[in-house]
Amino acid sequence: MKAVIWTKYGSPDGLQLQEVAKPSPRDNEVLIKIHASTASRADTEFRRLILPLLFAIPVRMYIGLFRPSRIKILGTEFAGEVVAIGKDVTQYQTGDQVYGYTGLGMGTYAEYMCLSKKPSGLLGVMSKRPTNITYEEAAAIPFGGLEALHTLGRVNIQPGQKVLIVGAGGSIGTYSVQLAKHYGAEVTGVDSGGKLDMLRSIGADHVIDYTREDYTKNGQKYDAILDTIGGSPFGGSVRSLNENGTYLNVNPKWHHKLQMGWNKGRTSKKLLSWEGGYTTENLLRLKELIEAGTIKPVIDRTYPLEQIAEAHRYVETDQKKGNVVVRIGD
Ligand SMILES: NC(=O)c1ccc[n+]([C@@H]2O[C@H](COP(=O)([O-])OP(=O)(O)OC[C@H]3O[C@@H](n4cnc5c(N)ncnc54)[C@H](OP(=O)(O)O)[C@@H]3O)[C@@H](O)[C@H]2O)c1
């Protein structure tokens, strides 16, 4: 089968299309023919190993000290078809169309991969895919959709409440905007200028270009502020919340963690950090929301697997709106 082998930490040139052996499923695994994946922000960060120091060391031990030697195939989101099953698998049959997220297991820049019958958590999650969209659209849902669904679900947003989303134009952000609107919120999306029209088109009531305006200094108050990237000023964000408002940071930097820990119990405001939520149940809930037309993936560009390096380079231009999809096979 064709797969993109991750040969070195660093530039996209280290992603090389090669012919490798097709895997066979173990007793508790399914073999998936992958039709689409994505080039996500995290894929580019893993590729370069641009990770917070405390995380980078264990990740290097896990992936390979000097080069990716244990995990050789990048890519975390997928949509595809089950083409073979191990003897202990009862939840899936050949022919099932599935989608999911392999997390630290990675491996989706390939024509085939094996996944445990009931993966869950950071080593992968899978379910049947939405039936009303293409494989390419389905592949752009799992990571951003799961983060947004789980995180906003912790706030119990009420109709009319004001929600501000930092990094609204990205993968997590575009699902967060749509879900917050679905819950009845008045939504403000914060991102760079080139993404603001797209944010309005998916329902944002207000948009702020973070390169021109600081949302913590415009006098507005919010019931919830969701930071998808860990780029928010902590003190200013908390001051921009109504009493009993909620600050959610799904990518807290070390200083956010310290500030959140220090302020817990000292403020009436809720301070929430990343929690995960990678479950089959959540993927099935996203499937329902997509099939009902409540949310949809925002897809900026699609590249064939052969052009994976170009896809990564595009993501690194910071122009990506929503998601960049990778088409695999014909
Ligand atoms: N995708 C994954 O599988 C995964 C897994 C684990 C963790 N994460 C982390 O989660 C974070 C978000 O992921 P994502 O996939 O949603 O990223 P994304 O698609 O790159 O979206 C992030 C968005 O935030 C914008 N942005 C950057 N700085 C900002 C600021 N100061 N204020 C407001 N907006 C700002 C970016 O726009 P500009 O670039 O134009 O500034 C971009 O539109 C990333 O840091 C990623 O490392 C992702």
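Quick look at the values:
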{"read-out": "Matching residues in region 26-61 - criterion: being among the aliphatic types (A, V, I, L, M) and modelled with pLDDT under 90", "value": "Leu49, Ile50, Leu51, Leu53, Leu54, Ala56, Ile57, Val59"}
{"read-out": "Search result, residues across region 29-65 that are more than 16 Å from the ligand (Cβ to nearest atom), in contact (Cβ under 8 Å) with a residue 12 or more places away in the chain and surrounded by fewer than 24 Cβ atoms within 10 Å (Cβ to Cβ)", "value": "Glu29, Leu31, Lys33, His35"}
{"read-out": "Residue in region 89-99 that is within 15 Å of the ligand (Cβ to nearest atom) and either within 19 Å of Thr279 (Cβ to Cβ) or modelled with pLDDT under 95 (or both) present", "value": "yes"}
{"read-out": "Every pair of residues 6+ apart whose Cβ atoms lie under 7 Å, when the first sits in region 279-307 and is in a helix (DSSP H, G or I) while the second is hydroxyl-bearing (Ser, Thr, Tyr)", "value": "Thr280/Ser120; Thr280/Ser127; Leu283/Ser127; Leu284/Ser127; Lys287/Ser127; Glu291/Thr131; Leu305/Tyr109"}
{"read-out": "Condition met for Tyr222 (within 11 Å of the ligand (Cβ to nearest atom), of a type outside the set (S, T, N, Q) and either surrounded by fewer than 23 Cβ atoms within 10 Å (Cβ to Cβ) or farther than 21 Å from Ser40 by Cβ (or both))", "value": "no"}
{"read-out": "Glu137 more than 13 Å from the ligand (Cβ to nearest atom) and in the same structural domain as Lys321 (by TED's automatic domain parsing)", "value": "yes"}
{"read-out": "Helices (runs of 4 or more DSSP H) contained entirely in region 113-196, each with at least 3 residues that are touching a Leu at 6+ places or on another chain (Cβ under 9 Å) and farther than 21 Å from Pro233 by Cα", "value": "142-153, 171-182"}
{"read-out": "Filter result (buried (at least 20 other Cβ atoms within 10 Å of the Cβ) and free of Cβ contacts under 8 Å to residues at least 12 places away in the same chain) within region 249-265", "value": "none"}
{"read-out": "For Tyr183: the one exception among (1) modelled with pLDDT under 95; (2) closer than 23 Å to Thr228 by Cβ; (3) surrounded by fewer than 19 Cβ atoms within 10 Å (Cβ to Cβ)", "value": "(1)"}
{"read-out": "Filter result for Asp209 (closer than 21 Å to Ser268 by Cβ and within 10 Å of the ligand (Cβ to nearest atom))", "value": "no"}
{"read-out": "Flag for Gly170 being at pLDDT 95 or above, within 12 Å of the ligand (Cβ to nearest atom) and crowded, with 19+ Cβ neighbours inside 10 Å", "value": "yes"}
{"read-out": "Region 173-190 - residue that is over 12 Å from the mean Cα position of the chain (by Cα) and hydroxyl-bearing (Ser, Thr, Tyr) and, of those, farthest from the ligand (Cβ to nearest atom)", "value": "Tyr183"}
{"read-out": "Qualifying residue in region 235-252 (condition: within 15 Å of the ligand (Cβ to nearest atom), aliphatic (A, V, I, L, M), not assigned by TED's automatic domain parsing to the domain that holds Gln319 and not in a helix (DSSP H, G or I))", "value": "yes"}
{"read-out": "Residue check for Ala84: in contact (Cβ under 8 Å) with a residue 40 or more places away in the chain, assigned by TED's automatic domain parsing to the domain that holds His35 and under 29 Å from Arg301 (Cβ atoms)", "value": "no"}
{"read-out": "The lone exception for Gly193 - which of (1) more than 19 Å from Gly277 (Cβ to Cβ); (2) touching a residue at least 24 places away in the same chain (Cβ under 8 Å); (3) within 12 Å of the ligand (Cβ to nearest atom) it fails", "value": "(2)"}
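The values are calculated or read from the model by the stated rules, or taken from the named source; none is laboratory data. In this text the structure is predicted, and so the values were computed from the model without any measurement. Note that each Cβ is placed from the backbone with ideal geometry, even for glycine, and that neighbours are counted across all protein chains shown.
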